[in-house]
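Written below as structure tokens is the structure these notes are about.
Every number in this text was worked out from the coordinates using simple rules, so none of it is lab data. No experiment lies behind these values; they were computed from the predicted model shown. As a convention, Cβ positions derive from the backbone with ideal geometry for all residues, glycine included, and neighbour counts pool all protein chains shown.
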Amino acid sequence: MASNRNAELCAIYNGRVVLPDRVVEDRALLVDGGRIAGLRAIDQLPAECALMDARGGWVTPGLVDLHIHGAVGHTFNEGTPAAFGAITRACAGAGVTSLLATTTTAPLEQLVQALATLKAWGQTPQDGGARPGARILGAHVEGPYFAPSQAGAQDPKHLRVPTDRAYEQLLAYADLIRIFTFAPELPGAAQLTDRLVALGIVPAAGHSAAREEDVRPLLARGLRHMIHLWSGQSTTIREGAWRKPGLLEVSLTYDGLTAEMIADGKHLPPTLMRLACKCVGPERLCIISDATSGAGLPDGARFHMGEMEYEVAGGVGMMLDGSAFAGSTTLLNQMMRVVIEQVGLPVVDVVRMASLTPARVIGVDDHKGSLTAGKDADVVIFGDDWHPHRVMAGGRWLVGTAQDEEKRDA
């Protein structure tokens with residue numbers, strides 16, 4: 001049954017509706033005026049509402065990706081509307097309705113340009129007030145304050161130390177920045193943490209050679225998020241007979257922290273993903289794509305982040321010399337499939353890790369991240385292969401996905 005694409009009142013029926021604590025199969029999800037109106041029995045639906053048959057699919061909240069650099073040959077570092085549009089449309093096609101535009105280490109003026117483009121992007125709505133792609137909720141500034149020994153695919157030529165206070169140029173856009181990631185052991189990291197907390201920005205640790213003793217003082221100051229577990233994280237070392245925990249062990253054991261996991265099945269084997277889930281749990285662990293401009297490109301394709309060139313190899317981004325991964329080439333919907341099929345987590349937990357938990361990390365869970373009455377009508381209908389058949393954002397069926405479904409209905 002085809003639907004009215006932008007109906008004010010719409011009921012999605014014949015689906016498995018994924019709530020934060022359970023799956024409901026005998027109710028329809030009612031959307032009214034861009035908001036979730038709740039669950040209704042089929043025989044209690046308003047007569048005037050449009051109907052959308054989910055065909056037995058999974059009905060989930062729109063996915064929220066806190067850590068994505070790019071897709072389909074583009075990055076947010078490019079700082080152009082064309083790049084932003086291409087990435088957000090690709091994400092919408094994967095069921096991601098909200099994201100943080102994530103930068104990577106580059107010359108400071110390039111990062112400032114990316115933030116300036118984001119500001120302009122938010123001020124110039126198109127298509128009648130709604131863009132045909134994922135909504136950008138803000139920026140995740142990843143770098144340039146990282147440890148050279150844990151830089152990974154970050155460009156080492158442009159790494160900095162917080163004592164330079166050049167971050168103030170980025171913090172001129174503090175109203176846009178949701179997460180700012182840095183290495184906590186660097187000189188000036190404590191002062192940077194204080195500055196971020198005062199501005200309401202989530203201080204996050206990553207690409208770090210820190211020991212536990214470096215991290216503890218910053219936890220007391222407000223450090224509260226850890227990016228991509230195991231990737232760019234120091235781990236236990238020995239000094240003589242003594243074992244000294246690193247950033248990884250802090251991430252897995254401190255209850256006040258939230259954390260991220262790249263779940264493409266390449267960065268981490270199932271055993272490590274299972275360990276992260278056991279230690280951190282779905283209420284604090286986010287699935288993130290860490291996707292680069294290589295997402296959507298075939299094996300052998302070359303792509304760039306900042307001034308660095310990388311290659312898609314075996315379904316993942318790689319440094320040209322094979323020495324390190326260079327982000328993922330997988331978007332969030334297929335990350336969920338990996339965690340369900342390879343790690344063995346229940347669908348409810350996996351959907352939470354890709355929607356409600358990331359929404360809570362950045363403080364938007366009052367209107368994003370679950371199919372709770374009153375929240376924004378960001379809804380995805382997935383098949384069992386976790387390919388989205390329909391994607392709704394703010395009560396609107398997004399351009400492309402709705403057309404595809406109508407072709408199927410014909």
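A few points about this structure:
- In the chain, the calculated helix contribution to ellipticity at 222 nm averages -7000 deg cm²/dmol per residue, counting -39,500 (n - 2.57) for every DSSP H run with n ≥ 4.
- Taking the Cα centre of the chain as origin and assigning +1 to Lys and Arg Cβ atoms and -1 to Asp and Glu Cβ atoms, the resulting dipole is close to 440 debye.
- Percent RCO, i.e. relative contact order, over segment 192-251, from Cα pairs under 8 Å lying at least 6 residues apart: 36
- For segment 216-235 versus segment 271-319, the inter-centroid distance based on Cα atoms is 19 Å.
- Dipole of segment 192-280, positive direction: furthest Cα of G200, P269, G222, with charges on the beta-carbon: P269
- Highest average first, the peptides 246-258, 370-382, 32-44 ordered by how many other beta carbon atoms sit within 10 Å of their residues are 370-382, 246-258, 32-44.
- The peptide list 88-94, 152-158, 299-305, put in order of mean Cβ contacts within 10 Å with the highest first, becomes 88-94, 152-158, 299-305.
- Choice from G240, G296, G317 with maximal GNM fluctuation in the chain (Cα, 10 Å cutoff): G240
- Mean Cα-pair separation over length for segment 63-361, i.e. relative contact order, pairs under 8 Å, 6 or more apart, %: 19
- If you sort the three axes of the alpha carbon gyration tensor as a ≥ b ≥ c, you get a/c of 1.5 or more for segment 339-396 and a/b no higher than b/c, which makes it oblate.
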